[in-house]
Structures are given as structure tokens and as C-alpha cells.
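Heads up, the thing below is written out as C-alpha cells.
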Amino acid sequence: MSLLTDDLLARIRSRAADYDRANEFFTEDLEDLTAAGYLTALVPTEFGGAGLTLEELTREQMRLAGAAPSTALAVNMHHVWVGVAKTVHDRGDDSLDFVLTEAAAGEIFAFGISERGNDLVLFGSTTEARPDGAGAYTFHGTKIFTSLSPAWTRLGTFGMDTVSEDAPRSVYGFVTRDGGGVEIKDDWDTLGMRASQSCTTVLDGAPAAADRIVRRLVPGPNADPFIFGIFANFEILLAAVYTGIAQRALDVAVETVHKRTSLKNDGAPYAHDPDIRWRIADAAIALDGIGPQIATLASDVDNLVDHGAMWFARLSAVKVRATETAKDVVEKAVRVSGGSSYFNRSELSRLYRDVLAGLFHPSDDESAHAAMANALLGPVPTPSAGD
């Protein structure tokens, strides 16, 4: 089942360069995607959604990223929260069913997790979560890279409760755009992914009602299905977006080398040059291995496969492999396409800028290696006091 028709993708592709040039939010794209039911893709049919699996959505996101990377990346963050709700629901937990219901009703979810200078990511926060004593909280802190800033209506976020009797606790909850205590800065002026408008979000007493507080967890690594759901959906869907960018770059390069001709070779197309052919093939071989990895992991999430201690290592690894491979593929596409790809008017120029954003999403290369080493070798023992 596909929600993205060729006509829809063509319209979205036609707007991507203008959004990037003007550093504007993808308003028309979002309207079209909403009308197509795309924001309900992961919502089960019994909740009024399209009922796609995570594996099916990865394929859709690859196609959308090939048309407009910024649009795909920003919509990804909405899909992540809906995917988390579906993941825990599939495992018998209804604590996030309201996300499924509200997404089906048209609410747009944003991902308010990242903080400047915080490399703990989900394992700690500089944001304060202040309890009211009756189960509700207010959040006080600053979140960065909040995609969908002009449009979200629900923000999933977290902070630290340092005052309750069982403190410290990482508190996860959802605030509303119209609930107060939220300031969105107009500060998104970046190298790439410009239309995502992932602005800084200041939380100054943003309230989350008791029934919108979904977890209070001991800080640090945690096997809670909610944390697994975040890791699984975030890493797999990110991998899909950047793989879609790479595939588009490869397609553009193939088209370009058929058109470019060589004076050195009597006007023959560059597609006949053995060095060009090798570089195109090298990019395609590398990219060919990523799609099946994404599909397999996504299917395992859909089918409740238990990888035990290897889950987080594999999720981090597929994100790193996908983003690094995508960056290399786009660079090879630029190399074979000639100097025209260096101009801003070139789609490859934009894809090159966009693909670099993959470096900054968690998990990074270092944490992926640490996760794999811990899964295979166990953690390094903490020295005792006398050592």
C-alpha cells in the first residue's frame, strides 16, 4: 500500500528548491501530505489511520526523501512519535494510545528531545520537569532541532525531576502548542535541511497534564518498551530518509553521465568512461546493501522479534551505516556529474548539503561503536576505590 502517488511526489519535488532557497517551511507539502492521509500512515486502522507497518513506511519515506529531503526529515519526527505509540500498543501497553487517536484527528507531533551540549540524549536532560504533586508537570529548558516548528500542535519532550521523593527521574510527557510556556525562536538558518525549520524551542513552564505524562524512569539506559520504541522508530526512519536521499543522488548521477560528453573520447558520453562506470557502480554496490538491512530491522520491530541486548546496538548501527553510506554515495554522484553540481541551482548541490545533516543525529559513530562493544564484550568495569 502506498499513500504517496507519483503526482504527489512530483508536486513536492517541484517545490523543494524554492523552499531551500528561501529558507521557508514546506507549508504546501504539509497540506498535500495531510490531505493524502500520510500523517496517519502508522496509525492502526482501528484508530482511524492508514495502518501501514514500520517496514512499509520506510519505503514511503525513502521515496519522499528522494523528492524533498527536508520535508521527509521533518515529517519523520511526527512519524517517530506515532511509531512509538504503535510500538508500545503492539506490546500490550495502551499508555500512548492517545497519540494514535490524536494523530488520526489531525494533530501534528514534534520531537522535543535534543539539547545543546547534551550528549546523554535520552539518558539525561538539562531541562527541569517540575511536579505539581498531582501527577502533572511543567517543563523548563531549551530544546534544539525541533523540526516542524511552524506547524506542530503536540510536542513530546522530557526533563529531569530532581525534587520528588524518588528523584532523580527522567519525565516524558506531551505539551500542547496552545497550552502556554512555549517560545519558538526564529533561528533556523543552516547549511541544509532548511525547509524542515527545526527551530530552537524554549520551554518556560510548559504544562503537561497528568494523563499526558507517559513515563517516569531512572536516568540512564533503560529496557522500557517506550525507550525501545523511541530508539527503534527514530533510528530506522532516519536511516530510511538518508537512504532515499542517496538513491535520488545516484539516479541523478546516472542521468547526468548519459548526457555529459567527453572531448577526450570523441564526444562519447561519460557513461562509457571506465572510471566513471566504476565510481557509479561503487556507489550503487554500497547503497544496495542498506535497504535490506532497514527492511529487516523494521520488520523485526513490526513482528515483535526479540534481539535482546543486541537491539540497541543494531539500531544504532543501521543509522550510522545508512547516513555514512548516503554521504559517500552523494559525494560520488557529485564527482561524476562535473562542475555544474557545484552551483546552487543543481539538485545535487542541495542533496549534498542535506545529506550532511545525517552526521548530527543520534546515534553518532562513537556511541554506535560503544553500544556494539558493550553488547558483544560487556561494559568496562568501573575501577574500585583502591585501584
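The values are calculated or read from the model by the stated rules, or taken from the named source; none is laboratory data. What you see is a predicted model, and the numbers here were worked out from it, not measured in a lab. Neighbour counts run over all protein chains shown; Cβ positions are idealised from the backbone, glycine included. To get the accessible areas, we keep the full protein, side chains included, count just its heavy atoms, and leave off ligands, DNA and RNA. Shrake-Rupley method; radii C 1.70, N 1.55, O 1.52, S 1.80 Å.
So here's what we get for this one:
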| item | result |
| --- | --- |
| Complete set of residues in the range 199-223 that are within 30 Å of Asn23 (Cα to Cα) and either out of contact with any strand residue (DSSP E or B) (no Cβ under 7 Å at 6 or more places or on another chain) or surrounded by 19 or more Cβ atoms within 10 Å (Cβ to Cβ) (or both) | Cys199, Thr201, Leu203, Ala206 |
| Contacts under 6 angstrom Cβ, first residue in the range 11-36 being outside any helix (DSSP H, G or I), partner open to solvent by 20 Å² or more (accessible area, probe 1.4 Å), 6 or more apart | Asn23/Arg194; Phe25/Pro150; Ala36/Leu3 |
| Any pair with Cβ under 8 angstrom, 6 or more apart, that starts in the range 248-277 at a residue that is open to solvent by less than 70 Å² (accessible area, probe 1.4 Å) and ends at one that is among the basic types (Lys, Arg) | Ala253/Lys332; Pro269/Lys259; Pro269/Arg260; Tyr270/Arg260; Ala271/Arg277 |
| Strands (runs of 3 or more DSSP E) contained entirely in the range 127-222, each with at least 3 residues that are in contact (Cβ under 8 Å) with a residue 40 or more places away in the chain and of a type in the set (S, T, N, Q) | 137-146 |
| Leu100 being within 23 Å of Phe228 (Cα to Cα), touching a Phe, Trp or Tyr at 6+ places or on another chain (Cβ under 6 Å), aliphatic (A, V, I, L, M) and open to solvent by less than 20 Å² (accessible area, probe 1.4 Å) | yes |
| Members of the range 37-59 found to be assigned to a helix (DSSP H, G or I) and open to solvent by 10 Å² or more (accessible area, probe 1.4 Å), listed by number | Leu39, Thr40, Thr45, Glu46, Phe47, Glu55, Glu56, Arg59 |
| Qualifying positions in the range 276-316 - closer than 17 Å to Ser363 by Cα and basic (Lys, Arg) | Arg314 |
| Output for the range 1-36, where each listed residue is at pLDDT 95 or above, small (Gly, Ala, Ser) and surrounded by fewer than 19 Cβ atoms within 10 Å (Cβ to Cβ) | Ala10, Ser14, Ala17, Ala22, Ala35, Ala36 |
| Matching residues in the range 75-117 - criterion: being of a type in the set (Gly, Ala, Ser) and at negative phi | Gly83, Ala85, Ser95, Ala103, Ala104, Ala105, Ala110, Gly112, Ser114 |
| Filter pass, Ala110 being outside any helix (DSSP H, G or I), touching a Leu at 6+ places or on another chain (Cβ under 8 Å) and either open to solvent by less than 30 Å² (accessible area, probe 1.4 Å) or modelled with pLDDT of 95 or more (or both) | yes |
| Qualifying residue in the range 259-274 (condition: within 26 Å of Ser340 (Cβ to Cβ), in contact with a strand residue (DSSP E or B) (Cβ under 7 Å, 6 or more places away or on another chain) and acidic (Asp, Glu)) | yes |
| Among residues of the range 340-385, those that are part of a loop (DSSP other than H, G, I, E, B), open to solvent by less than 40 Å² (accessible area, probe 1.4 Å) and polar (S, T, N, Q), counted | 2 |
| Residue satisfying condition, being part of a helix (DSSP H, G or I), among the acidic types (Asp, Glu) and crowded, with 18+ Cβ neighbours inside 10 Å, within set Asp328, Asp300 | Asp300 |
| Residue in the range 191-205 that is farther than 30 Å from Ala68 by Cβ and not acidic (Asp, Glu) present | yes |
| Per-region count, the range 133-176, residues open to solvent by 10 Å² or more (accessible area, probe 1.4 Å) and among the charged types (D, E, K, R) | 4 |
| Condition check for Ser95: touching a strand residue (DSSP E or B) at 6+ places or on another chain (Cβ under 6 Å) and surrounded by fewer than 23 Cβ atoms within 10 Å (Cβ to Cβ) | yes |
| Close pairs from the range 305-321: first of a type in the set (S, T, N, Q), partner surrounded by fewer than 20 Cβ atoms within 10 Å (Cβ to Cβ), Cβ under 7 Å, at least 6 apart | Ser316/Ser367 |
